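Down below is the structure, laid out as structure tokens.
The values are calculated or read from the model by the stated rules, or taken from the named source; none is laboratory data. Because the structure is predicted, anything quoted here is derived from the model rather than measured. As a convention, Cβ positions derive from the backbone with ideal geometry for all residues, glycine included, and neighbour counts pool all protein chains shown. Surface areas here come from the heavy atoms of the whole protein model, side chains and all, with no ligands, DNA or RNA. Shrake-Rupley method; radii C 1.70, N 1.55, O 1.52, S 1.80 Å.
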Amino acid sequence: MLYQAPGLSEHISGVILHWETLFQSDAAGNKMVDLITRNGMIPGIKLDKGYDTAGIPGTAVGPLGHPETWDKGIDDLDARCKQAYAQGARFAKWRNVLQIDPVQGLPSDLAITLCVHNLAQYAVICQRSG
């Protein structure tokens, strides 16, 4: 298994897991987070739920072929953070998608504002959860 490769922790300090993987075990019954920790790395979790290509109403279609958008998952993030921490995750990852097209004026002020607010909410919730 990759997490047990000799010397891996000399080059990799953290492993970002998807939600499903956080709760999985290997064929011998070892939890993924335990394999990662035992081999000198820190398990983390991807917490955003992707983005909706329907986008922000009234924004321009950008280079990705859809209107500007923001990532989902804030609504139940507190509960998921607590579960992830209890399962052994010690850091979290969140992404936001900003489309960049200077000719169209992208990203718009609205998209940047929503992105910043989204990231601020994410940070507060994660810090509060451990």
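Some observations on this one:
- When Arg80 is tested against (1) open to solvent by less than 70 Å² (accessible area, probe 1.4 Å); (2) in contact with a Ser or Thr (Cβ under 8 Å, 6 or more places away or on another chain); (3) modelled with pLDDT of 95 or more; (4) closer than 30 Å to Gln24 by Cα, only condition (2) is not met.
- Leu110 within 19 Å of the chain's Cα centre (by Cα), assigned to a helix (DSSP H, G or I), over 29 Å from Glu10 (Cα atoms) and modelled with pLDDT of 95 or more: no
- Scan region 1-23 for residues that are aromatic (Phe, Trp, Tyr) and open to solvent by 40 Å² or more (accessible area, probe 1.4 Å) and the total you get is 2.
- The set of residues in region 35-49 that are out of contact with any Pro (no Cβ under 9 Å at 6 or more places or on another chain) and in contact (Cβ under 8 Å) with a residue 40 or more places away in the chain comprises Ile42, Pro43, Gly44, Ile45, Lys46, Leu47, Asp48.
- Any hit, region 113-129, residues being open to solvent by 20 Å² or more (accessible area, probe 1.4 Å) and not in a helix (DSSP H, G or I): no
- Qualifying position, being in contact with a Lys or Arg (Cβ under 8 Å, 6 or more places away or on another chain) and either without any contact (Cβ under 8 Å) to a residue 60 or more places away in the chain or open to solvent by less than 80 Å² (accessible area, probe 1.4 Å) (or both), among Asp52, Asp26: Asp52
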